[in-house]
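Visitor: One structure follows; several queries about it will come next.
Just so it is clear, none of the values below were taken in a lab; they were calculated from the coordinates. Values in this document were obtained by computation on a predicted structure and should not be read as measured data. Methodologically, a virtual Cβ is constructed for each residue, glycine included, from the backbone with ideal geometry; neighbour enumeration extends over all protein chains shown.
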Amino acid sequence: MHYYSPNYKAVLLSAEIPEFPEMEDLGNIEQSSDLIEINELETWYLKFYDKNKIPLELEHQKDYLQEKDKLNKFFERLSDNVFRINFKNYVGLSRFAGFQIRVINTKISEDQFDAMLHELCDEYANLIFSFQQTVGSSGCKEKSGNDPLYLQILFIKHFLLNSSPNLQHIAELICRNPHHRLQAIRQTTPVELARQIDLTSIVTLFSNSSALAELRPGHSLENSSIARRTAALSGRHLFPIELAECHRRVDHDTPENRFIKFFIGDLLSRLRQFNVKKSFLNPELQDDLKMLVQELEHFSQNPLWQTVGNLQHIPSHSMVLQKRDGYSHLFKLYSLLQLATRYTCSAFRFDRLIELKDVPKLYEYWCFFQVKRAIERVLSQRQPKTITWFNHQEETVLEAGLWLDYGDNIGLYYDKDCRGSDPGQLAPDGLSGYSSLKLRPDIMICQGSRKLILDAKYKIDKNKDDAKSDDLIKMHAYRDAINNVWGAYALYPGQKADKLEKYPCFGEADTSYKGIGAIALTPGNYQQELDTLIQVFLS
């Protein structure tokens, strides 16, 4: 099947052996005005008939490729003007050379990808907020992440566009009923128009002689209480002609409103900074950011902010910012962005999730937080006592793992190196393996020296809706090469509800039996088996 982009003089086709049409035959090819659906596993070819029309993003591919895995190149240049295209595990919309593409992923839908990304965002935000609480933290500080800006964009997009209330609702909550204070001001008012008089009015009256007039003898006001009192004090028949009356007016120039005004500008700055990056693989991201910029600009132009001054300090203890609808949502996002800048590390590559839509990596992160939640359910919602980032010092590129210590010798690890040469300085005894091979399970639960390994495998045997046999062989390798492995299980994006009874380790009196198996785990398809597996292991 051929598609033609006249603006770029480019042809896109799907064929095992590409046979591109001649230049003179281009007018007979269907133009690509409609959305083109491509299966993730299909290989397509792209040819430019004018070398000057090749987009810059294809000329400089290194900005858009996964650095470590050359097999996951989306675009491979075959000649000066011909490219081979394979989106591998990518999912969703793409736009390049005038072609509108939707990549169909066979293992997970676009909706499931979004659901996992949003859930990951919430879980990671909770993890970051835990650093503010009594939970301790330590670990690598040499590097604050591969690209913290990607993480900030993820949070901004999630909390202002994909959550409820969204940015439009937040702006409405604030502008319809903005926080205010009543400001007392003194205004000189003719006495016949004055509505109330207080002590300050009286003091002001007698300190300003021009506000008093002398009454002629026999005036009807001579017998008024204020005239008699004035005569007793001064010996003269005086009466006020004006009073400094107290009026109260609504003042919106509060520290809380100054913070909101400042943060709107700060968000716009962050979004514009990211907008400099061009994204041809994920055009939806640019569209979303453009929408957010427009909504923030509209919010910033509300007449309310004309009466609000510039921020002098962050009123972090204000109950308005912590509790009030609208204000609290923006203050939570601000706090999250500040903490993310401080605590982000390269254990999680958010640039892969946002720019490249790296589905296997997202699935791996998502599985980690599913296991974390399962542990906390089994432990009656116990939260980790300490959270530690740790470096893999032997790597040429700095990477980091994560250790959550729940006390009672129970720990959860993400991306922990278990090679025999690993000293395990940040971990309990016995984490090292027998082998010097590179062994780094995605997820590992430890109870003392016992280990339960859970490895996220974004693969599936379609014929059986089960994990692939190669992945189960990998579980055998973990069991045999790492000390004291109680069980090793692959997590895969299937729908089948596995029965734990089929695994030999369950029901055995000897819980040191080293079991092997797999558990299906996908968004919206909660599996009790994961909780049961962890419950049996920890008991």
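Visitor: Could you list which residues have their amide H under 5 Å from that of residue 93, counting only those 5 or more apart in sequence or on another chain, with H placed in the peptide plane?
Guide: Those lying under 5 Å, H to H, from residue 93 are 103.
Visitor: By its C-alpha gyration tensor, with a ≥ b ≥ c as the square roots of the eigenvalues, how is the stretch 281-336 shaped: rounded for a/c under 1.5, else prolate for a/b larger than b/c, else oblate? Working shown, then result.
Guide: On the way: a/c = 2.65, a/b = 1.56, b/c = 1.70.
It is oblate, given that a/c is not under 1.5 and a/b is not larger than b/c.
Visitor: To continue, here is another question. Applying a 10 Å radius around every beta-carbon, put 350-356, 405-411 in order of their mean neighbour count, most first.
Guide: On the way: 350-356: 21.7, 405-411: 17.7.
Result, highest mean first: 350-356, 405-411.
Visitor: Once amide H atoms are built 1.01 Å from N in the peptide plane, which residues 5 or more positions from residue 490, or in another chain, come under 5 Å H to H?
Guide: 455, 517, 518, 519
Visitor: Check which residues have an amide H placed less than 5 Å from residue 314's amide H, if you skip close sequence neighbours.
Guide: none
Visitor: Then there's this: Where Lys and Arg each count +1 and Asp and Glu each count -1, what net charge lies around residue 82 among other residues with Cβ under 14 Å from its Cβ?
Guide: Values: positive: 9, 47, 51, 53, 77, 84; negative: 19, 50, 59, 76, 80.
So the surrounding residues net to +1.
Visitor: Additional query: For each of 266, 50, count neighbouring Cβ atoms within 10 Å of the residue's Cβ, then give the residues from fewest to most.
Guide: Details: 266 14, 50 11.
So the ranking, lowest neighbour count to highest, is 50, 266.
Visitor: Find out how many positive minus negative residues lie around residue 254, taking Lys and Arg as positive, Asp and Glu as negative, among other residues whose Cβ is under 13 Å from that of residue 254. Show your work: numbers first, answer last.
Guide: Working: positive: 181, 258, 261, 324; negative: 251, 253, 256.
Its environment carries a net charge of +1.
Visitor: Here's another thing I want to ask about it. I'd like the Karplus ³J(HN,Hα) series for the stretch 152-166: coefficients 6.51, -1.76, 1.60, θ = phi - 60°, whole numbers in Hz, and an x wherever there's a Gly or Pro.
Guide: Once θ is set to phi - 60°, the couplings for the stretch 152-166 become 4, 5, 4, 5, 4, 5, 5, 7, 9, 10, 9, 10, 10, x, 8 Hz.
Visitor: Grab the beta carbon distance between residue 408 and residue 323, set R0 = 25 Å, and tell me the FRET efficiency rounded to 0.05.
Guide: Values: r = 35 Å, r/R0 = 1.41.
The value I calculate is 0.10.
Visitor: How large is ³J(HN,Hα), in whole Hz, for each residue of the stretch 359-375 in order, when computed from phi with the Karplus curve 6.51 cos²θ - 1.76 cosθ + 1.60 and θ = phi - 60°, using x for Gly and Pro?
Guide: So the J values, rounded to whole Hz, are 5, x, 5, 4, 4, 5, 4, 4, 4, 4, 6, 5, 5, 4, 5, 5, 4.
Visitor: Spelling out what I want: for every residue of the stretch 319-331, take phi, set θ = phi - 60°, compute 6.51 cos²θ - 1.76 cosθ + 1.60 (Karplus), and round to whole Hz; glycine and proline get x.
Guide: Using θ = phi - 60°, the values come out as 5, 5, 5, 8, 10, 6, 4, x, 4, 5, 5, 6, 5 Hz.
Visitor: How would 82, 371 line up from fewest to most surrounding beta-carbon atoms within 10 angstrom?
Guide: Details: 82 15, 371 24.
Result, fewest neighbours first: 82, 371.
Visitor: Treat the count of other C-beta atoms within 10 Å as a stand-in for reagent exposure and order 366, 389 from fewest to most. Walk me through the intermediate numbers first.
Guide: Values: 366 25, 389 20.
Lowest to highest Cβ neighbour count: 389, 366.
Visitor: Same structure, new question: Computed FRET efficiency, Cβ-Cβ of residue 270 and residue 118, R0 25 Å: what is it to the nearest 0.05?
Guide: Numbers: r = 20 Å, r/R0 = 0.79.
So, using R0 = 25 Å, E works out to roughly 0.80.
Visitor: Ok, one more. Distance check, please: which entries in 290/332; 332/451; 372/459; 157/261; 9/459; 385/459 exceed 27 angstrom between their Cα atoms?
Guide: Numbers: 290/332 22 Å; 332/451 37 Å; 372/459 22 Å; 157/261 19 Å; 9/459 38 Å; 385/459 34 Å.
Pairs exceeding 27 Å: 332/451; 9/459; 385/459.
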